[in-house]
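The block underneath contains the structure these notes are about, expressed in structure tokens.
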Amino acid sequence: MSQNRRLPYHDIASKLIASTLRSFGEFVVKNGDTYEFAPPNLISNAQINRHFCWIPVITRENQVRHLREGSADEALHPLETRTLRHSSKLESGIAEAFSRGESVGDPSSELVQQNPTRISRLIKNAIETTFEESRNPHDAIILPSPYQIVADFLTIPDHPGSRAYSLLTMRSILFQKFGAVPSTILEHSYDEFTVQELETSYNSLMTSMRERYRSKGQDKVDDIKARPQMRRQDRVSGILRHYLAMTGVLFLRFKALEKYGQNPAEVISALSEKCDLHDLGIPFEFTKPRNLKSPTEFAEIVNSLWGIPVPIRGADTIFRGGLNFSSRGGLVCALHGGPGSGKTALALGVGAALSGFGIRTLFLTAEEDPADLKSRVAGLLPSAVRSLPFIPNDPDSWLKIQRFELVREAEEVRLSTLSEEFEKLSEALEQRQTNGPSDAIPLPCRTIVVLDGLHEIATQALLDLENNDAKKITGEFHRFIETCRRLRALVILTTGTDWNADTSLDYLVDVAMRLSHETESNDGSKPHRYLTLSKARHQLCSPGTHGLQIAGDKGVRFTPQINYQLDRLSIWNARLPYMPVYKRVMQIACRQEDLKYIPDGPASAPSRNLSFFSNDVASVNLYRGSNIFLNGEGSGGKAGLALKIATAPSFHTDDGNTPIEKPEKVLVVSFLYPEEYYANIMVRLRGLRIREYPNLSPNFEPRLEVLHLYPGHLKPDALYSKIEWALRASQLSGDPFTTIVIDGIHNVFLQFPEIEKQNLFWPQLFSLLRTRNLTSILTHTILSVRMNAANHDSRYGSRTDAYRNVDDSRSDPLKHALVLKTDFRFEIDPHELRGPSPEVSAPHTFQVETHSAIGQPIPDARNNPLYWSREKLVFFTETQQAMNF
């Protein structure tokens, strides 16, 4: 079996790092006689894109479309321009420059994409985050690590498991830069470092980052430059600090230097010219983000540096960074499960995913036909991952299948016989590993050995032993497992659940997992597969029961428990609302008599006679990153109100008249309506924007994605993961959501029984949303029925209908939790306004009352009422004519 053993993205990774460093120089602008570091909104997309024009040219033959293509909604454009599409016609000098990853000199060139691309947005978003951290950019400038940006860029946004390929590549580049690798890595020519040396570096870093006397935990840590003859401990410290920066736990901080005119911006300019973060002439420091509570756990860092990252969605959470091998090499896993539980598919899926690292799989089976196994391989990886250039197209290049007949003796398969065969295999693997290529991928193993159906062999062996002698049974199993470890491979032993040595095996192996297959008889449910991790000897992991999916275009994937997903986010403090940026959408209202100028449907635009005014006394400013709760009786159009808030432009306290020209992107998680319902509302809201915000550029239209949840037995872990991965995918695409709307949470108590049973689900979800830089809006309806009560209202000369609450109170604990977790709470209740004529009347009207607002006084709803028109999708005030009637 021949197999590519070079790094994933080996041909472009270093070029991407250099291009990212060059793009940092675009943010350095000259202001008179000095240089300044400009905010991202002042830098054009073309200035960044010009450094990445080489990507479409040198990757055209490779299926790395996620690096070149734009987004489906056309918010992001492809890197490939019309001129680059005909690269065969490029001048030879340009083609040679692109082969070296060089930039285009003129940003206005036809070779350069002028519009936003994925890479330009990733860089701008990262710089925007660190720009806010730079309290005084004249003294020091904070930047993200180029390793972090490149790792994000190489990840397929919709397939988070593919991040393992980019992280392994970035990790390997760091090992190469510092000339050191962990002690269990095979085939290398570098210094080896131990866990104890890494712990020494980690403790030193923790001392600087924890709060101490006269220290607020904000001490800076010097960068350690890779250089010849450096101490091994320094190499380890350098790898650790850059690894944490690559994962976003540390930022880079550049101070002013005398050789660069005491200006940190000129230091960044010099860095972009040298294109080398490790250049000895450009020192910098590491600093932690303000919202970081604590660094990544040490045990998880060990997994990430020593282990194999598993390119399967959710595996990074379950195995906390990677599968860690023993100090002697080798890892033995037991995979238990009944018929149809997915043991064979999971073992094959792991082999298929790791084949991108050059790892080969020997599959020994007593149950399956080799042809059938090979036919199943293609469906175990997502199609986008299968198309990557380093994933083998032919299973024969990484998968060898043998049946047990090769190790039979007198028609009986014995553990002793199998141990002897594994001894021979160990010798062959040892010779292959020592004679491997010098540029091989630094990994703790090169081979996966799957023994599919150990229970068939062991059961016969147990029956052959007189009286099932316990000592003989234990001794034979010990010998067999030790032989497996000597392979220095990842050994997966699949077994059934109904055999005598089932429990004994778990004591001997390094990792023990059980698969189960649950079939529901309830309507609206579907079968569920689960993986229970009960043991992992050499590493930090997430023991317990997790979801497992095998079928579908997304391939094999895990759904980890919510608690473990939150554990990995617990290193970050909850984000508070960002008060310098706000929305004043609830202060922009029209008059009641002007409602007639707004059509009820999306067929036509509002009349030009329609005008809006600023009603500051009736409502409040909504700060960026707030949690907003909309509650009320009846069908008050709360979905439309939520979208109204979500899609409204933001303003900065420095300029309350000019909207911030940043497009709003909204994720709707709907327990009620399908996507078409929200799309129709969006059409009408866009028609109103030109009247409500006359200074807003039409180029920044809001966009919408809907996650519609069908009634049934949806599991809380599955829903949490759907939301988390949707948010993560948008961030990796460079086009993150600005707001999430969770619409109709009252319906959980009618049509989603599994979520209703999990009382902690909503606090857990709010904890997730608080770690992200986005606004969240939740809508809840109190079920009520209309009563024809004779409640006379003297202002209108008519009766207003009364409503009786018919809610069964099951949602009371949820509402109480929402009140505690939200920054703004509004009640939207029916309040029909009638005037002397149909033109002045406002049916289907709801009064909006502010019940809580962070950092602001509560408006007086009695003297300055604010109303919401469900049909017109606008806020309005009472007409003076109606009030005096």
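The values are calculated or read from the model by the stated rules, or taken from the named source; none is laboratory data. This one's a predicted model, so the numbers in the text were calculated from it and none came from an experiment. As a convention, Cβ positions derive from the backbone with ideal geometry for all residues, glycine included, and neighbour counts pool all protein chains shown. With ligands, DNA and RNA removed, areas are computed over all heavy atoms of the protein, side chains included. Shrake-Rupley method; radii C 1.70, N 1.55, O 1.52, S 1.80 Å.
Its residue count N fixes a reference of 2.2 N^0.38 Å for region 655-742, and the Cα radius of gyration divided by that reference is 1.27. Over 30 Å apart at the Cα level, from the set Lys124/Lys220; Lys274/Lys662; Lys554/Lys662, are Lys274/Lys662; Lys554/Lys662.
Here region 557-636 is treated as a sphere whose radius is the Kirkwood value from Cα pairs; by Stokes-Einstein at 37 °C and 0.692 mPa s it diffuses with a coefficient of 189 µm²/s.
Once C-alpha pairs closer than 8 Å and six or more residues apart are averaged by separation and normalised to the residue number of the chain, the relative contact order reads 11 percent.
The residues of region 5-50 expose on average 40 square angstrom of accessible surface per residue, using a 1.4 Å probe on protein heavy atoms.
Amide H contacts of Leu548 (H built 1.01 Å from N, in plane; Pro and chain starts excluded): Arg529, Tyr530, Leu531, Thr559 sit under 5 Å, all sequence-distant by 5 or more or on other chains. In this structure the amide hydrogen of Leu704, modeled in the peptide plane, comes within under 5 Å of the amide hydrogens of Val666, none closer than 5 places in sequence on its chain.
Using helices alone, I'd like the mean residue ellipticity at 222 nm for the chain: each DSSP H run of four-plus residues gives -39500 (n - 2.57), total over residue count, nearest 500. Calculated at 222 nm, the ellipticity per residue is -10000 deg cm²/dmol.
Backbone phi angles across region 72-80, fed through the Karplus curve with coefficients 6.51, -1.76 and 1.60 (θ = phi - 60°), yield HN-Hα couplings of 5, 8, 6, 6, 10, 9, x, 5, 7 Hz in residue order; Gly and Pro are listed as x. Computed from the C-alpha gyration tensor, the three semi-axes of the ellipsoid equivalent to region 76-217 are 37, 24, 15 Å, from longest to shortest.
Under Stokes-Einstein, with the Kirkwood radius over Cα pairs as Rh, the value for region 245-332 at 20 °C and 1.002 mPa s is 134 µm²/s. Expressed as a fraction of 2.2 N^0.38 Å, the C-alpha radius of gyration for region 293-374 is 1.29. For the chain, give the percent of accessible area contributed by carbon and sulfur heavy atoms, probe 1.4 Å, rounded to a whole number. Taking all protein chains in place, the chain shows 47 percent carbon and sulfur surface. Put simply, the amide H of His851, placed in the peptide plane, has neighbours under 5 Å in Arg825, Phe826, Glu827, leaving out anything fewer than 5 places away on its chain. Each peptide in 180-186, 294-300 receives the mean, over its residues, of other Cβ atoms within 10 Å, and ordering these scores from highest gives 180-186, 294-300.
For region 528-601, the relative contact order is 18 percent, taking Cα pairs closer than 8 Å that sit 6 or more residues apart in sequence and dividing their mean separation by the residue count. Packing-based ranking of 561-568, 26-33, 233-240, 658-665 yields 233-240, 561-568, 658-665, 26-33, ordered from highest to lowest mean Cβ neighbour count within 10 Å. Rolling a 1.4 Å probe across the protein heavy atoms gives region 59-171 an accessible surface of 44 Å² per residue.
Over all orientations, the chain has a Cα convex hull whose mean projected area works out to 43.3 square nanometres.
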